[in-house]
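Okay, structure first, notes after.
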Amino acid sequence: MQLIRPHSTLLKRSMHEAVFLASSMVDRSAESARVALEEAERQAAVVAQRMQMGDALIALAKNRARLRTGFPLCVEAAISSALNELKKTETVRPSVIGSLESLSLMAEAEVSRFVESSRLQQTVLPVVEQALSQLDTLMSSALGLPVVRADLNPMRPEVLCGALMEAVGAVPEPPEIHALLIRYLARPFADELNRLYAALTKLLEEKGVQEARYRLKLTEAGGASAPQRGGRTSATGAGAAAAGQGGGHAGGPRGSLPSDADMARRRRTLPLFDMEQLAQTELAVPRALVREFLYRPQWMAEHDEPLPVGYYEAVRAQIQAQAAEPTAPLPDDHELFAEQQRHRALPVVDRPPRPLNAHAVLPRAHWGEAASPHARTQTLMQLKSKARKVSQVLGLDAVRALVGQVAGDGRVLAPVREAFVALEPALLRMAMHDPRFMGDEDHPARRLVESVAQRSFKYNDEFSEEFEQFMAPVRESVRALGSKPHAGANDFAEHLQALQTRWTEEDHDEAAGREHGLRSMHFAHDRQALADKVAWEFSLRSDLAGVPGIVMDFLFRDWALVIAHAQLTDTRGQLDPGGYLAVVTDLLWSVKRDAALRQPTRLFEVVPHVVQTLRRGLDMLGKDPAESQAFFDALMRYHHPVLRLRRVRSARDAEASGVAPAGVSGLEAALPEAFEPMPLEKCQPQAAEQPWLGRHEREAAGFQDTADSALVPGEETADADTGREAADQPTDTALADAHAPTLFQHAGDLAADAGDQVAESRAQLARLREGDWVDLRVEEQWRRAQLVWSSGNGALFMFVSQGGQPHSMTRRSCERLLHKRHLRIVDAGEVVEQALRNMSEPDPEPLATGRHPGGDR
């Protein structure tokens, strides 16, 4: 069995991407399935078939919201299960189809589900074949596999089709409806899966993942063939694998291929580097060679060897040359402090990253001897003089090169980068015992560096009190590790554990506000989903005929929320908590003119109860009375003419005469014109784009804090800006006529620019994922905040800043703030991995002086 060492961060990000896109995937698939079912229903010649299609349409409409929320959970569970399989012993996978004997042992429902699953996969595979082949190669590399293993891809169609089956199976409908839904979801789902694979491929390529190779199988005739799945072959992969065999002829006999021992001996004779390169104080060997040394498993067996005498002579010469060089005077801490104060005077988001590299002078008060670049270089050369193998020297060079890369990463605040530079001596000593530790993402030393960097993205101001509280224990750990003569993996692990324990306690203290806001958002989201279902069930009622539009709107929007709220908060298991569902019948009857006129006595009895129940339900929901006043005014107008009937009858009874039919006719004439019923074909509720929140829920989620007036005082949208600029053009008629072409062209350019900016804002927002950091302008201050929740349709976002303070806003508000640059997405990608990717580049990247630390400026 081959040991799999997956890149956990990349896999986690890929899974988050799939889960994030799952809601929109299944929603678009459901829309396409709806259109196809309607067409099939129209063309069905058999009544039973037409009724079945109609039942499927109703089921799809009722449960569309359930699919939107349930499918992402199924995708997450399915991918997690597939990833957990990688940790188990590799066994032979059963075939998809199985044997007839196994089918005979299945229950009828299981057989039906099995057949539908196989049919779904057969529909999906031809559509996704090309995109999946490319994703297989990248995902195998992310899994740490040297060759392509399509069967271990956690995003393979088998896994995601199973998630769709699971989500549809959870819908409370008969099995035959499940089968029909799967059948009509299959083709649009295949198209969505193809888009998902393309997005995941782009994500992995942007992260620098290289394609794995296909393993060649040599036939008896000596021919080479690449493995297949579903009829797919990869000429590119086969060619890469052939090239990887040391230039052997894949088409020749097996004996013509060199053995692994021959290849090792052949590589050992290659002049990879000379001794003077290894003895330098800076990395002199090619960077690509160092990356290969860190990541290629066979490197040690092929290239590692004892160092010759010439190497030690070159090291001694370097040490003597370094000692002969005059030591430049170091700036004192007062000069460094003055420079920091000049930096501090700038706004947080406008501060350029302070230049830093492996030779930087650090504040002595913080770092002691490690503050001197001369002392750090001495440590490097002393260790080089003690090295015994080539791998140890390359490990030392890798540490210095990586420290230089990390020190120059302007995304990280300067004090954190100073800590990494001061940590270099401890990392160098670690490299003597484990030269390739930087290539192992699970090694405690590398995890310490990455964890500190990632934690630092929580802060955007290096001069704030909160950031200093973060840095103090980090400095203590760095100084403690630097003071150890032989800091090992356990030492790094202990300090990392201590820091993480401290961070967990700090997060726990901030969790109260965050959790309160999240609970409010989750409850509002669940309530809205249930309310949409209730509204759909209302639309199927037969007594909607003749109901005025304003009453129907109230029923679909407000009252559906009341019923959903009552059901979610009920603790006694009542069928109709509060009686809010039962009152609907009386409400609908009371606003029908003909029915009410025929039974005025009943109206006198039900109206007080209906109005009282409606107001009680809205109060329970937390609805502002002013929001519903228009509805109650209309309801009063509908009831008033019938209620006047009592007074009319009383007057006529006093005259001792019978009630004339003409009185009723006059009463009908007095009814308001607004008493117009809505046609039944228009009684279709629309699912809410974003959940409704009450005042207390909005406050808990931070909507008050992120109101547009607080964030962007006195500013308008891009369209308004464009219109205002256009309005500022000359108003003189002759001048306007003379310059009309220019003015129209200028207005068109403004509109085009505004459109491009809006599109860019939307694209930035579409790339935002839970866990990402942003800089948010709140009440004239810039806060570093993290996205902790977003609705499945991307209509609502909730961020949390320092102290657990929530900030929630709609998609439109986010786009507007992005356009005004009052919301700036922070580039908080992996720091060590980025440094290692830079190692494969021929020249180092220059420091982007215009980029704010950690921010997308």
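Some points to look at:
- Among all positions in the range 486-499, there is no residue which is open to solvent by 60 Å² or more (accessible area, probe 1.4 Å) and either within 30 Å of R698 (Cα to Cα) or touching a residue at least 60 places away in the same chain (Cβ under 8 Å) (or both).
- Residue check, H374 at negative phi and free of Cβ contacts under 8 Å to residues at least 12 places away in the same chain: no
- The residue that is surrounded by the fewest Cβ atoms within 10 Å (Cβ to Cβ), among those in the range 282-309 that are in contact with a Lys or Arg (Cβ under 8 Å, 6 or more places away or on another chain) and part of a loop (DSSP other than H, G, I, E, B), is E305.
- Residue within the range 532-541 that is within 33 Å of the chain's Cα centre (by Cα), surrounded by fewer than 21 Cβ atoms within 10 Å (Cβ to Cβ), free of Cβ contacts under 8 Å to residues at least 60 places away in the same chain and farther than 29 Å from E697 by Cα present: no
- Residues located in the range 359-402, provided they are outside any helix (DSSP H, G or I) and open to solvent by 10 Å² or more (accessible area, probe 1.4 Å): H359, A360, V361, P363, S372, R388, K389
- Given (1) modelled with pLDDT under 90; (2) closer than 17 Å to L380 by Cα, index of the condition D440 fails: (2)
- Checking R446, R388, R429 one by one, the residue that is more than 18 Å from R291 (Cα to Cα) and either in contact (Cβ under 8 Å) with a residue 60 or more places away in the chain or touching a Gly at 6+ places or on another chain (Cβ under 7 Å) (or both) is R388 and no other.
This table checks each residue for (1) under 27 Å from the mean Cα position of the chain (by Cα); (2) surrounded by 20 or more Cβ atoms within 10 Å (Cβ to Cβ).
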{"site": "R411", "(1), (2)": "yes, yes"}
{"site": "E418", "(1), (2)": "no, yes"}
{"site": "V421", "(1), (2)": "no, yes"}
{"site": "D434", "(1), (2)": "no, no"}
{"site": "F437", "(1), (2)": "no, yes"}
{"site": "E450", "(1), (2)": "yes, no"}
{"site": "A453", "(1), (2)": "yes, yes"}
{"site": "K458", "(1), (2)": "yes, yes"}
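Let's see how each residue does on (1) within 25 Å of E31 (Cβ to Cβ); (2) at pLDDT 90 or above; (3) in contact with a strand residue (DSSP E or B) (Cβ under 7 Å, 6 or more places away or on another chain):
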| site | (1), (2), (3) |
| --- | --- |
| S141 | no, no, no |
| P175 | yes, no, no |
| L185 | yes, yes, no |
| F189 | yes, yes, no |
| L193 | yes, yes, no |
| L200 | yes, yes, no |
| L218 | no, no, yes |
| A221 | no, no, no |
| A240 | no, no, yes |
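- Given (1) at pLDDT 90 or above; (2) open to solvent by 30 Å² or more (accessible area, probe 1.4 Å), number of the condition L847 does not satisfy: (1)
- Any pair with Cβ under 9 angstrom, 6 or more apart, that starts in the range 151-177 at a residue that is assigned to a loop (DSSP other than H, G, I, E, B) and ends at one that is hydroxyl-bearing (S, T, Y) and open to solvent by less than 10 Å² (accessible area, probe 1.4 Å): N153/S140; P154/S14; M155/S14; M155/Y197
- Verdict on G482 being buried (at least 20 other Cβ atoms within 10 Å of the Cβ), more than 27 Å from F797 (Cα to Cα) and touching a residue at least 60 places away in the same chain (Cβ under 8 Å): yes
- Selection status of G513, among the small types (G, A, S), surrounded by 14 or more Cβ atoms within 10 Å (Cβ to Cβ), more than 29 Å from D27 (Cα to Cα) and at pLDDT below 90: yes
- E760 falls short on exactly one of the conditions (1) modelled with pLDDT of 50 or more; (2) more than 21 Å from the chain's Cα centre (by Cα); (3) surrounded by fewer than 18 Cβ atoms within 10 Å (Cβ to Cβ), and that condition is (2).
- For the range 525-549, a residue qualifies if it is farther than 25 Å from L60 by Cβ and assigned to a helix (DSSP H, G or I), and exactly one does: G549.
- Looking only at residues in the range 268-281 that are surrounded by 15 or more Cβ atoms within 10 Å (Cβ to Cβ) and under 25 Å from L836 (Cβ atoms), the one that is modelled with the lowest pLDDT is L272.
- Matching residues, the range 789-808, being in a strand (DSSP E or B), under 17 Å from Q528 (Cβ atoms) and open to solvent by less than 10 Å² (accessible area, probe 1.4 Å): L796, F797, M798, S808
- Residues of the range 310-352 classified as farther than 21 Å from R376 by Cβ and either assigned to a loop (DSSP other than H, G, I, E, B) or modelled with pLDDT under 80 (or both), total: 12
- Residue list for the range 766-787, restricted to those being open to solvent by less than 40 Å² (accessible area, probe 1.4 Å) and within 14 Å of C814 (Cβ to Cβ): L768, R769, D772, V774, D775, L776, V778, A785, L787
- Which listed residue is among the acidic types (D, E) and under 26 Å from H640 (Cα atoms), from D570, D594, D576: D594
- Those helices (runs of 4 or more DSSP H) of the range 550-641 in which 2 or more residues are open to solvent by 30 Å² or more (accessible area, probe 1.4 Å) and hydrophobic (A, V, I, L, M, F, W, C) occupy 600-621.
The values are calculated or read from the model by the stated rules, or taken from the named source; none is laboratory data. Fair warning: this is a prediction, and the values are worked out from it, not measured in the lab. Because the Cβ atoms are built from the backbone with ideal geometry, glycine has one as well, and the counts that use them run over all protein chains shown. To get the accessible areas, we keep the full protein, side chains included, count just its heavy atoms, and leave off ligands, DNA and RNA. Shrake-Rupley method; radii C 1.70, N 1.55, O 1.52, S 1.80 Å.
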